[in-house]
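Read through the structure below, which is laid out as structure tokens, and then see the notes.
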Amino acid sequence: MTDQVYYEDVSVGDQITPARLGVSRAQMFLFGAATNNAHRIHYDYKWATEREGYPDILVHGPLQAALMARALTDWGGPRSRLARIDLQNRAFAVPDEELVFTGVVTGKRIEDGEAVVDVAFREERDNGELLMPGSATVALPRRGVTA
Amino acid sequence: MTRHVKPGEIVEVLTGEVMARDFQRWAAAVGDLNPLYFDAEFARANGHRDVVMPPMFLPCVTSQPTFLDALRPDGTRKGRVAMGPLPEDLDLPPRRMGGGDRRWFYRCVHPGDVITSRREITGIEEKAGKSGPLVVVTWETIDRTGDGDLVGRCVSSMIAR
């Protein structure tokens with residue numbers, strides 16, 4: 001997690017801190033357990049490849065969404081708050097491949113008394129293939145205003 | 001053939017209590033080590049009464065036990081998918097994947113909060129996909145605390161093909 005970002009310090013066009021990471025099979029097991037998800041495409045290699053025709057088991061969509069949310073609030077700092085996220089699942093991800101989460105600030109405003117910034121984000125494969133585009137709104141603290 | 005679903009026809013209302021251990025397991029699995037989620041002292045120093053629930057955990061608060069005899073062959077649950085209720089008699093194609101989500105989070109949630117989530121199918125639409133026909137099912141979820149405070153809203157979709 002980076003230091004706290006304040007609303008006043010953010011400009012349209014700023015990049016959020018990118019995250020590059022792979023999801024391991026052990027991480028998928030723990031996420032499946034934490035979300036009570038028994039769908040076999042996420043852990044049963046034979047089922048995923050032979051029955052459903054995928055190249056491997058598939059990384060959970062909600063895990064990819066959670067990793068994007070993590071990148072957003074890691075950038076915003078511990079006093080940031082995710083207020084909105086809007087994402088589309090365009091293509092599947094498989095374990096151990098590198099996933100790249102990036103975002104750019106597209107707007108900032110005061111909404112219902114809260115200072116917020118809008119971010120357009122993308123999750124891509126290492127080769128640039130788009131997996132999950134979307135947008136988010138992150139509330140940030142203002143300088144000189146305590147929580 | 002899929003059928004039209006009337007507003008209010010397929011609704012699920014579930015209640016669950018927010019537990020720190022549950023959302024901390026989730027956050028650890030995500031690798032999201034935000035101190036707000038794990039360190040009560042840090043959370044209190046930042047204006048919270050206790051550790052904060054990661055907002056993306058919200059749909060899991062009302063998660064119910066999975067009974068083995070309620071599983072379909074692919075491991076998904078009869079009558080339900082992650083997004084909400086899905087009656088078997090809708091007779092959808094067997095392969096399912098998430099389409100996308102729009103989520104709004106209106107306030108922070110803490111351990112001990114009780115969340116009631118109302119999930120409703122708001123649309124079933126047949127479409128022509130790149131690799132054949134597919135069906136898009138859409139749900140809307142409204143999450144409230146025991147006092148009726150709005151916590152979150154979600155519009156999510158699933159693709160069956």
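Screening A:Leu30 with (1) more than 7 Å from chain B (Cβ to nearest Cβ); (2) more than 25 Å from A:Glu111 (Cα to Cα); (3) among the hydrophobic types (A, V, I, L, M, F, W, C); (4) open to solvent by 60 Å² or more (accessible area, probe 1.4 Å) gives one miss only, at (1). Taking region B:1-83 as the region of interest, the helices (runs of 4 or more DSSP H) fully inside it that hold 2 or more residues being within 7 Å of chain A (Cβ to nearest Cβ) and without any contact (Cβ under 8 Å) to a residue 24 or more places away in the chain are B:20-30, B:35-38. Going by the conditions given, is A:Ala69 surrounded by 23 or more Cβ atoms within 10 Å (Cβ to Cβ), at the interface with another protein chain (Cβ under 8 Å from one of its Cβ atoms) and closer than 24 Å to A:Gly22 by Cβ? In short, yes. For residues that are at pLDDT 95 or above and open to solvent by 60 Å² or more (accessible area, probe 1.4 Å), scanning just region B:43-66, find the one that is farthest from A:Arg79 (Cα to Cα). By that ranking, first place goes to B:Arg49. All of (1) modelled with pLDDT under 95; (2) within 12 Å of another protein chain (Cβ to nearest Cβ) hold for A:Thr137 with one exception: (1).
Report, by residue number, each residue of region B:113-144 that is farther than 11 Å from B:Gly84 by Cα, touching a Lys or Arg at 6+ places or on another chain (Cβ under 9 Å) and at pLDDT 95 or above. Scanning region B:113-144 gives B:Ile115, B:Thr116, B:Ile142, B:Asp143, B:Arg144.
Is it the case that B:Pro133 is loosely packed, with under 14 Cβ neighbours inside 10 Å, out of contact with any helix residue (DSSP H, G or I) (no Cβ under 8 Å at 6 or more places or on another chain) and facing chain A (nearest Cβ under 10 Å)? No. Only a single criterion out of (1) open to solvent by less than 60 Å² (accessible area, probe 1.4 Å); (2) out of contact with any Leu (no Cβ under 7 Å at 6 or more places or on another chain); (3) away from chain A (no Cβ under 14 Å) is not satisfied by B:Arg96, namely (3). Being farther than 25 Å from B:Val136 by Cβ and open to solvent by less than 10 Å² (accessible area, probe 1.4 Å) holds for only one residue in A:Gly77, A:Gly113, and it is A:Gly77.
The values are calculated or read from the model by the stated rules, or taken from the named source; none is laboratory data. As the structure is a prediction and not an experimental result, all values here were calculated from the model. Virtual Cβ from ideal backbone geometry, glycine too; neighbours counted across all protein chains shown. For the accessible areas, the whole protein counts, side chains as well, though only heavy atoms, and no ligand, DNA or RNA atoms are used. Shrake-Rupley method; radii C 1.70, N 1.55, O 1.52, S 1.80 Å.
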